[in-house]
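Down below is the structure, laid out as structure tokens.
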Amino acid sequence: MLQLHVALPSGRSESLSILPSSKVGDLKLQAQECFQQGFLRLATADGQVLNDPLLALEELQLQDGDHLTGIASPPQLAATEEAFALWCVGGDRIITWGNRDAGGDSSAVQAQVRGVQQIWGSMKAFSALLADGSVVSWGHPEFGGDTSPVQDQLLEVTRLEAAERAFAAILADGSVVTWGRPDFGGSCSQVKDQLRNVQQICAARFAFAAILSDGSVVAWGVPAEGGDCSAVQDRLVDVQQIQAAHFAFAAILADRSVVTWGDGRLGGDSSKVQDQLCAVQQIKATATAFAAIRADGSVVTWGNREDGGDMSIVQDQLKNVQQLQATDFAFAAILADGSVVTWGDPRFGGDSSQVQAQLRNVQQIQATCWAFAGILSDGSVVTWGRAECPDGV
């Protein structure tokens, strides 16, 4: 028997006994069971990562008493509208379930999966970035589930973004590759020559916006819903970050002012509050409205009034705001004293009156499309909003 010592970065260590004829996969399973970890990456003392589960330990020339390092990776989840994907960073397997046509079946690409880094979901497809910089996609082809037209271009990918029916990949050289429904962002051919030295990409529902290294912006997709920024191009200078609603974008510039474009009724027109959009620190969005926190802790909103674009009924409460979170139809703000203020559609989180007495010392808020959950300082959780997904929405 071969005696090997495996240690975690935390300092915990265990000695394992295994037959020299065993494979790396056998060793990993034994280590995972011993440490009660769902996924472990093992590395030798000289830094060699044991990635191939079929590799025999004899080929590694491991000696009795050798020391290995185990790196635990917690499982992570991604979702489309009707399916889930579960993986561990660095793992060679993806577990999917749900609607097969919406990404719930990854069997066709499972053999290609090596060292998963991250997975993104469109409405009905997934794309996974692998350790070698390649990408595998599955799910509905019209929603980005088929990369075959651009597969030879997907090399040295560093980052992906997902719109509803398309994906965009940033390559190591700063160029961009897109796939999915061409008219909904899956084709960037009209701006391909401009997409150089791309630093970040932000996705709306049917459009993408890219920040270049010089602080300028390039957009593509459905023109009226954020895919055309030509009307404000001269103002998009020194852009630091971009936030997207479903049909519009909002960019924060270096001077902390804001520039918007897209459907004017649904967040693309901020002209009525433009003089208030100064010293902006953060922007959040519902499906059709934006809210910005300023340096003094006040909030400015614009867009669809019903979905959070009008905060007039809570204006006097919105002071010393520290964080914002949003469902598709409402906003929630955490104040400096740990209390919470909400506005927008009352059915989807805009009315927290029934739990207001419980919302004290709130540390963090997370949101689904329809509801909020707040974590309190004692570790308890308070929820409000729609309990179930409404039919037809």
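Checking N51 against (1) in a strand (DSSP E or B); (2) under 30 Å from G145 (Cα atoms): exactly one of these is not met. Which one?
Only one criterion is unmet by N51, namely (1).
Could you list, in sequence order, all residues of the stretch 233-252 that are in contact (Cβ under 8 Å) with a residue 24 or more places away in the chain and over 25 Å from D307 (Cα atoms)?
Across the stretch 233-252, the qualifying residues are R235, V239, Q240.
Which numbered condition in (1) buried (at least 16 other Cβ atoms within 10 Å of the Cβ); (2) closer than 12 Å to L16 by Cβ is the only one that V89 fails?
It fails just one condition, (2).
How many residues are part of a strand (DSSP E or B) and not assigned by TED's automatic domain parsing to the domain that holds H140 if we restrict to the stretch 173-198?
Of the residues in the stretch 173-198, 1 are part of a strand (DSSP E or B) and not assigned by TED's automatic domain parsing to the domain that holds H140.
Being among the β-branched types (V, I, T), farther than 24 Å from Q117 by Cβ and surrounded by 12 or more Cβ atoms within 10 Å (Cβ to Cβ), is that true of even one residue in the stretch 22-41?
No, that holds for no residue.
Yes or no: R360 basic (K, R) and closer than 23 Å to F247 by Cα?
no
Which residue pairs have Cβ atoms under 9 Å apart, sit 6 or more places apart or on different chains, and have a first residue in the stretch 176-201 that is closer than 20 Å to A248 by Cβ and a second that is in a loop (DSSP other than H, G, I, E, B) and β-branched (V, I, T)?
D183/V222; F184/V222; G185/V222
Collect the residues in the stretch 316-335 that are in a strand (DSSP E or B) and of a type in the set (D, E, K, R), keeping them in residue-number order.
Of everything in the stretch 316-335, nothing turns out to be in a strand (DSSP E or B) and of a type in the set (D, E, K, R).
One line per residue, one yes/no per condition, for (1) without any contact (Cβ under 8 Å) to a residue 40 or more places away in the chain; (2) over 14 Å from L60 (Cβ atoms); (3) aromatic (F, W, Y); (4) in a strand (DSSP E or B):
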position	(1), (2), (3), (4)
H5	no, yes, no, yes
E14	yes, yes, no, yes
S17	yes, yes, no, yes
Q37	yes, yes, no, no
A43	yes, no, no, yes
D46	yes, no, no, no
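For A166, all conditions in the list (1) buried (at least 23 other Cβ atoms within 10 Å of the Cβ); (2) farther than 25 Å from G98 by Cβ hold save one; what is the number of the exception?
(2)
Residues of the stretch 278-298 being surrounded by 22 or more Cβ atoms within 10 Å (Cβ to Cβ) and not small (G, A, S), which ones?
Within the stretch 278-298, I283, K284, T286, T288, F290 meet the criteria.
Is it the case, given these coordinates, that L62 is surrounded by 16 or more Cβ atoms within 10 Å (Cβ to Cβ) and assigned to a loop (DSSP other than H, G, I, E, B)?
The answer is yes for L62.
If only one of V232, V259 is buried (at least 22 other Cβ atoms within 10 Å of the Cβ) and either among the hydroxyl-bearing types (S, T, Y) or under 20 Å from R205 (Cβ atoms) (or both), which one is it?
Of V232, V259, the one residue that is buried (at least 22 other Cβ atoms within 10 Å of the Cβ) and either among the hydroxyl-bearing types (S, T, Y) or under 20 Å from R205 (Cβ atoms) (or both) is V259.
If the requirement is being part of a strand (DSSP E or B), farther than 24 Å from S107 by Cα, assigned by TED's automatic domain parsing to the domain that holds N99 and modelled with pLDDT of 95 or more, which of these qualifies: I201, I211, I170?
The unique qualifying residue is I170.
From G268, G350, G338, G309, grab the single residue that is in a loop (DSSP other than H, G, I, E, B) and surrounded by fewer than 16 Cβ atoms within 10 Å (Cβ to Cβ).
Exactly one residue qualifies, and that residue is G338.
For the stretch 293-306, check the following and say yes or no: at least one residue is out of contact with any Pro (no Cβ under 7 Å at 6 or more places or on another chain), part of a strand (DSSP E or B) and closer than 20 Å to V362 by Cα.
Yes, the stretch 293-306 contains a residue that is out of contact with any Pro (no Cβ under 7 Å at 6 or more places or on another chain), part of a strand (DSSP E or B) and closer than 20 Å to V362 by Cα.
Buried (at least 16 other Cβ atoms within 10 Å of the Cβ), touching a Phe, Trp or Tyr at 6+ places or on another chain (Cβ under 8 Å) and within 23 Å of T288 (Cβ to Cβ): which single residue out of A367, A326, A373, A332 fits that description?
A332
The values are calculated or read from the model by the stated rules, or taken from the named source; none is laboratory data. Computed from a prediction, not measured in an experiment: that's the story for all the values here. Quick reminder, even Gly has a Cβ in these numbers, built from the backbone with ideal geometry, and neighbours come from all protein chains shown.
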